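Down below is the structure, laid out as structure tokens.
The values are calculated or read from the model by the stated rules, or taken from the named source; none is laboratory data. Please read these numbers as outputs of a predicted model, since none were measured by experiment. So basically every Cβ, Gly included, is an ideal-geometry build from the backbone, and we count neighbours across all protein chains shown. The accessibility values were calculated without ligands, DNA or RNA, using every heavy atom of the protein model including side chains. Shrake-Rupley method; radii C 1.70, N 1.55, O 1.52, S 1.80 Å.
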Amino acid sequence: MEKLIYLDNAATTAVKPEVFEEMKPYFLGNYGNPNSVYTFAQESKNAVEHARGLVAGMLGTKANEVYFTGGGSESDNWAIKGCMQAYASKGRHLITTKIEHHAVLHTCEYLEKQGCEVTYLDVDENGLVSLEALEAAIRPETVLISVMFANNEIGTVEPIREIGAIAKKHGVLFHTDAVQAFGHTPISVDELNIDMLSASAHKFGGPKGVGFLYIRKGVKLGPYIHGGAQERGKRAGTSNVPGIVGMGKAVQMAAEHMEEREKQIAVVRDHLIERVLRDIPYARLNGHRQQRLSNNANFCFRFIEGESLLIMLDQKGICASSGSACTSGSLDPSHVLLAIGLPHEIAHGSLRLTLSEETTLADIDYVVDELKAIVQRLRGMSPLYEDFLKSEEGKKAAE
Ligand SMILES: *Cc1c(COP(=O)(O)O)cnc(C)c1O
């Protein structure tokens, strides 16, 4: 395998070399515990607080509203479980959507077992939540609305500003899982009325196992991890200093030339979409055509199993995904594709390709050429496709 084309940036991204360089001293020389009193540890403490400032700057907020965590899943768990516990005297109802990441959905299912009530909003055929349905779902005992900023499978970007306005109007807290959006799109938590926001470093060029939860001042969230007094008593455990430093650097790099970078990625992504829809019959694009992440393309190919597609692409050095990394390995079709109304047999033939700024037009041409051949080969082995062709011929003959 000479070539490796990595098109699974929604699952994780490469750590940027500059990020790695920034982290290195905090493994080797500056290993002090940021909570120790001696001068040697000050360097670690300063580095952690510098990173906090960078994250806060990106969100247009203050550093004391940013709490470092072990990643996106932890942030989602903390925000949702923490809120439902802290505001139990107001009520036990929360509103989310059917297309959230499992870090949100499984947390909600857990809370239902604990006696909470959860409304799972439907989405339309493009993956957008309905603002009318959202507003209609709000009750006096509703504590929280949790809607993802952008979907990790189909890339659809939700109407976050409008959702924030509805939440504010009704005095309901608003959490957003922004793991796919943060670092790729500008986010001002004040303009968008976001009370809590989850993000994860490894989705924007930082290391794995570190993220943050933004918590607006005044939101009464208790600690999720109990222990020491780190993170102002809200998240115990010795800080992951190299990870936090790396995330800070990744934030800084993501902020530089964000608009140009995302535009350029979208140009390459659009070339991919155009070529696939033009060159491969019975293919469809999933997700909203305009309101979508600049690096996301998600297709369904009729008469194809997504898993077989992935294995054959892998043999050509192409890393892709079917559904999300978390559901790969199970035969259940993606809950997101079912929620946009696709029947099981079509949802099974899905392929997600997520680009980075490193992806070139030439990479895309190579991938589409290989994909086209693979789809042809797989369909050639499919009795369903054979039947379909026969019935199509029959229809033509009858005309
Ligand atoms: C990746 C992802 C997560 C989980 O983040 P981790 O840091 O891997 O725990 C949560 N939500 C979304 C939308 C994601 O894409």
If you roll a 1.4 Å probe over the heavy atoms of the protein chains, what accessible area per residue do you get for the stretch 330-399, in Å²? 56 Å²
Counting only heavy atoms of protein chains, what accessible area per residue, in Å², does the stretch 109-214 have with a probe of 1.4 Å? 34 Å²
Please go through the stretch 129-182 and write out the GluC sites (Glu not before Pro) that DSSP classes as loop and that have at most 13 other C-beta atoms within 10 Å. 141
The chain, accessible surface, carbon-and-sulfur percent (1.4 angstrom probe): 54 percent
If I model a spin label as a point 7 Å beyond the Cα along the Cα-Cβ vector, how far apart are those points for residue 46 and residue 232 in nm? 2.3 nm
Take residue 257 and residue 307, extend 7 Å from each Cα along the Cα→Cβ direction, and tell me the distance between the two endpoints in nm. 4.2 nm
The answer for the net charge of residues other than residue 142 whose Cβ lies under 12 angstrom from its Cβ, with Lys and Arg +1 and Asp and Glu -1, is 0
Listed residues 354, 39, 119; largest mean-square fluctuation, Gaussian network over the chain with Cα springs below 10 Å, found at 39
At 7 Å along Cα-to-Cβ for each site, give me the label-to-label distance between residue 388 and residue 64 in nm. 6.0 nm
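If R₀ is 25 angstrom, what is the calculated FRET efficiency for the pair residue 33 and residue 217, using the beta carbon separation as r and rounding to 0.05?
0.40
Ordered by packing density, taken as the mean number of other Cβ atoms within 10 Å over each peptide's residues, highest first, how do 111-118, 20-27 rank?
Per-residue Cβ counts within 10 Å, averaged per peptide and sorted highest first, yield 20-27, 111-118.
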Would you list, by chain and number, the lysines whose Cα falls below 19 Å from the Cα of residue 316, excluding same-chain residues fewer than 8 positions away? 3, 372
Is it possible to state the helix-based mean residue ellipticity at 222 nm for the chain, with each DSSP H run of 4+ residues giving -39500 (n - 2.57), the sum divided by total residues, to the nearest 500 deg cm²/dmol? What is it? -13000 deg cm²/dmol
Using alpha-carbon positions, what is the distance between the centroids of the stretch 271-310 and the stretch 112-165, in Å? 25 Å
Roughly how many whole Å is it from the C-alpha centroid of the stretch 343-385 to that of the stretch 31-90? 40 Å
Mean separation of Cα pairs under 8 Å and 6+ residues apart, divided by the residue count of the stretch 229-335: what relative contact order is that in percent? 14 percent
